[in-house]
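Chemist: One structure follows; several queries about it will come next.
The values are calculated or read from the model by the stated rules, or taken from the named source; none is laboratory data. If you're wondering where the values come from, they're calculated on a predicted model, not measured in any experiment. Using ideal geometry, Cβ is built from the backbone for each residue, glycine included, and neighbour counts are taken over all protein chains shown. SASA here: full protein model, heavy atoms, side chains in, ligands and nucleic acids out. Shrake-Rupley method; radii C 1.70, N 1.55, O 1.52, S 1.80 Å.
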Amino acid sequence: MYKKEIKTNITFCSFDELSKQEKELIEAAKKASLDAYAPYSGFKVGSALLLDNGEILVANNQENAAYPSGLCAERVVLFYANATYPQNRVLSLAVAANKEGIFTENPISPCGSCRQVLLESEHRQNSAIRLLLCGEKEVAVAESVASLLPLSFNL
Ligand code: THU
């Protein structure tokens, strides 16, 4: 028997410390969150991703009366990117959330299913996807999805 310590690296910073491009991506995610369809939870999440051609794609969570049929903002935007820009790599993805127009104080972190899906995109494109997890107080920056999902499932 042996124990293994698994370490990960996440940088926490203020919005002001980010680059112009990162700020732009976060603003796009915040704006997209306002259009989320989340009548059941009231938790409106926006996602924005930057492609390697410089384009920014946005999406948000889409809920449904049959609860499990809904989908998180991260997967909506990622599946859209993979479906419409299959040749482009995703460089970074920002997530922000609001409740009744008030943005979360702490960074919003993707659920396990989204991490799994994001990780597969990272493997597919053979390069890291930088995550910007937004809160009003601070932003958490992960240099890759892998750092959020140790011991991940893979075939
Ligand atoms: N949600 C997201 O869209 N992204 C996350 O990272 C966490 C949760 C959605 C799912 C559901 O529509 C609502 O937020 C409440 O869980």
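Chemist: Quick check, is Y2 within 16 Å of the ligand (Cβ to nearest atom), open to solvent by 80 Å² or more (accessible area, probe 1.4 Å) and under 29 Å from L151 (Cα atoms)?
Modeler: No; evaluated as a whole, the condition is false for this residue.
Chemist: To continue, here is another question. Looking at L57, L49, which one is closer than 22 Å to T11 by Cβ and of a type outside the set (D, E)? Spell out the reasoning first.
Modeler: Details: L57 fails: closer than 22 Å to T11 by Cβ.
Going through L57, L49 in turn, just one is closer than 22 Å to T11 by Cβ and of a type outside the set (D, E): L49.
Chemist: Still on this model: How about segment 40-55: which of its residues are surrounded by fewer than 16 Cβ atoms within 10 Å (Cβ to Cβ) and over 14 Å from F103 (Cβ atoms)?
Modeler: Y40, S41, D52, N53, G54, E55
Chemist: Follow-up question, since we're still on this one. Looking only at segment 26-39, how many residues end up being open to solvent by 50 Å² or more (accessible area, probe 1.4 Å) and not in a helix (DSSP H, G or I)?
Modeler: Matching residues across segment 26-39 total 4.
Chemist: So which pairs qualify, if the first residue must be in segment 2-27 and under 13 Å from R130 (Cα atoms), the second must be open to solvent by less than 100 Å² (accessible area, probe 1.4 Å) and of a type in the set (S, T, N, Q), the Cβ gap must be under 9 Å, and the two must be at least 6 apart or on different chains?
Modeler: Taking only residues 6 or more apart or on different chains, the pairs are N9/S147; I10/S147; Q21/S92; E22/S92; L25/S92.
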